[in-house]
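Following: one structure in structure tokens, then a few remarks.
The values are calculated or read from the model by the stated rules, or taken from the named source; none is laboratory data. Here the structure is a predicted model, which means the values were calculated and not measured. Don't worry about glycine lacking a Cβ; one is built from the backbone with ideal geometry, like all the others, and counts go over all protein chains shown. Surface areas here come from the heavy atoms of the whole protein model, side chains and all, with no ligands, DNA or RNA. Shrake-Rupley method; radii C 1.70, N 1.55, O 1.52, S 1.80 Å.
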Amino acid sequence: MNVADSYRVAAALEDLDYTPTNLPEQADVIVLNTCVVRESAEQKAIGRLTSLKPLKLKNPDLVINLMGCLVGVQDYSELRQQFPYVDVFSQPSDPRPLISHLLGKNVSSSKHQQISEVFDSDFAYKIPTTKENNLVTAFLPIVFGCSHSCSYCIIPLRRGKEISRPYDEIISDAIALADSGVKEITLLGQIVDRYGQDQPNYLRLSTLLREIHKIEGIQRIRFLTSHPIWMTADIIETVSNLPKVMPHFDLPIQAGDDTVLRNMRRGYSVDQYIKIIENIRKHLQDVSISTDIIVGFPGESKTQFNRSVNLLKSIRPDLTHVARYSPRPGTHSAEKLIDDVSHEEKMRRFRIIEKLQEQISSEINRKYLGREVMVLFEGKSKERWRGRTPTNKLVFVDSRTNLLGRICSVKITWTGPWSMIGEIQSTSG
Ligand code: SAM
């Protein structure tokens with residue numbers, strides 16, 4: 001979501017004739033887009049912000065814009081006091097305070113500005129033209145904010161309540177992206193499968209997928225991230241029926257124990273989660289699934305943690321994003337529960353899951369050896385072309401041909417847990 005938001009700002013800056021630089025000392029404007037989902041991310045953002053102070057002292061004309069979840073949607077007067085050298089504060093997804101500042105208008109992001117006002121603005125989700133290597137794939141937010149209240153999660157507090165974007169705005173952004181050469185669109189939302197549920201007259205995600213499927217030029221569609229409660233049979237069937245919608249699901253479980261899930265306020269049981277995975281695999285033979293796990297949630301015993309391990313062993317996801325529980329200010333778990341799993345124990349659990357997932361991913365990927373898969377090439381890493389299979393596996397190939405934006409048949413010759421290497425067989429796009 002932050003990548004999409006950053007591109008949105010970059011595209012708006014391009015419209016004002018700004019060009020990018022890799023050197024902060026050369027910049028007239030620096031936008032720091034921030035994430036605070038875990039404390040480590042927040043510390044990193046504050047570190048970067050502090051490192052910008054000498055630049056501002058040297059060049060008082062430099063415009064520094066702090067954006068995103070560190071600012072949030074609440075009162076940020078404390079931040080203003082703490083970082084007086086920041087010129088502009090912007091809420092997540094909102095480029096307008098910066099643009100107004102640069103245009104010299106006296107309009108700043110007011111304390112309780114509704115994020116919905118963003119929809120009235122002219123700032124579409126486009127890709128800055130200077131990001132040519134990324135023209136192949138683009139993120140397109142369709143739901144802002146989140147109205148779930150998982151007990152550990154700060155996102156609803158910082159991104160505000162859930163608001164689905166109007167359907168025609170999304171379609172016109174998607175058409176514009178296709179016109180600018182984008183081949184793959186990833187629809188984004190904190191709970192993307194809830195698209196439209198907050199608005200009585202809106203279409204649902206499955207209808208939106210069908211409509212985007214009709215757009216010429218768009219060859220692949222993905223969506224992330226899902227929530228088990230909202231992953232309906234309708235969405236699963238739609239994915240299995242639409243060839244351009246890629247067979248990949250990002251479905252966080254968070255814990256393999258029902259008591260922990262209840263304490264996390266997730267709203268489903270382990271059994272319900274397993275049934276969804278079974279349904280996905282029943283409808284789609286060649287499908288990949290990734291999940292999220294938090295280790296060391298308050299009160300999580302070793303036995304409860306072992307249930308997360310056993311769950312992963314039985315569902316065998318293609319990827320697990322594992323995180324150590326981090327108490328976040330204002331959340332239920334930080335205010336009411338004791339963070340009683342030690343740092344060392346969280347680290348131990350983290351490593352167990354990492355190691356297990358590495359083994360599972362290696363075994364799953366090994367089955368690709370000798371197979372031919374269709375790869376959409378997104379760019380180059382060092383000398384090799386880099387692309388993804390429909391199942392979202394990273395593939396590298398050596399080729400002198402310009403493969404950017406092309407979908408090619410690739411024979412897999414080497415596999416590892418996180419990537420594969422292959423040889424081009426034929427190109428179709
Ligand atoms: N749709 C997703 C879901 O069902 O939860 C939402 C993804 S969430 C915004 C991003 C991930 O960050 C979560 O899945 C969770 O694993 C992790 N996360 C959120 N809050 C956290 C915290 N306080 N400590 C550690 N990890 C956290």
* Starting from the Cα of LYS244, draw a straight line to each of the lysines and keep only those under 17 Å, dropping any in the same chain fewer than 8 residues away. => LYS183, LYS214, LYS393
* **In nm, spacing of pseudo-spin labels at LYS44 and GLU372 (7 Å Cα→C-beta vector)** => 4.0
* Once the whole set of protein chains is in place, how much accessible area is left on GLU25, using a 1.4 Å probe, in Å² to the nearest 10? -> 120
* Asked: What is the magnitude of the charge dipole of the chain about its Cα centre, with +1 placed on the Cβ of each Lys and Arg, -1 on the Cβ of each Asp and Glu, and no other charges, expressed in debye to the nearest 20?
  -> 1180
* To do: Could you tell me what percent of the DSSP beta bridges with both partners in the chain are antiparallel, to the nearest 5?
  => 40
* Could you tell me which trypsin sites (Lys or Arg not before Pro) in region 326-429 are loop residues by DSSP with no more than 10 other beta carbons within 10 angstrom of their beta carbon? => LYS367, LYS382, ARG400
* **Charge tally in the Cβ shell below 13 Å around ALA41, where Lys, Arg are +1 and Asp, Glu are -1, ALA41 excluded** => +4
* Treating cross-link reach as a plain straight distance, find the aspartates and glutamates whose alpha-carbon is under 20 Å from the alpha-carbon of LYS346, omitting any fewer than eight places away in the same chain. => GLU39, GLU42, ASP257, ASP258, ASP292, GLU300, GLU335, GLU354, GLU358
* To do: Give me the distance in nm between label points sitting 7 Å out from Cα along the Cα-to-Cβ direction at GLU169 and ASP15, one decimal.
  => 1.3
* With all protein chains present, calculate the accessible area of LEU369 using a 1.4 Å probe and round the result to the nearest 10 Å². => 90
* Around VAL395: net Lys/Arg minus Asp/Glu count, Cβ-Cβ under 9 Å -> +3
* Asked: region 229-341: D in µm²/s via Stokes-Einstein (Kirkwood Rh, Cα pairs, 10 °C, 1.306 mPa s)?
  -> 105
* To do: Using only the Cα atoms, work out Rg/Rh for the chain, with Rh taken as the Kirkwood radius, to two decimals.
  => 0.96
* Structure fact -> Rounded to the nearest 10 Å², the 1.4 Å probe accessible area of ASP61 is 130
* By how many nm would the segment from ASP198 to ILE229 lengthen if fully extended, with 0.36 nm per residue of separation less the alpha-carbon distance? -> 9.7 nm
* Asked: Rounded to the nearest 500 deg cm²/dmol, what is the calculated helix-only ellipticity per residue at 222 nm for the chain, with -39500 (n - 2.57) per DSSP H run of length n ≥ 4?
  -> -10000 deg cm²/dmol
* Structure fact -> Here, VAL37 and VAL309, labelled 7 Å along Cα→Cβ, have an inter-label distance in nm of 2.5
* **Antiparallel DSSP beta bridges within region 278-394, as percent of all bridges there, nearest 5** => 50
* To do: Determine the share of region 259-339's accessible area contributed by carbon and sulfur atoms, expressed in whole percent, with a 1.4 angstrom probe.
  => 48
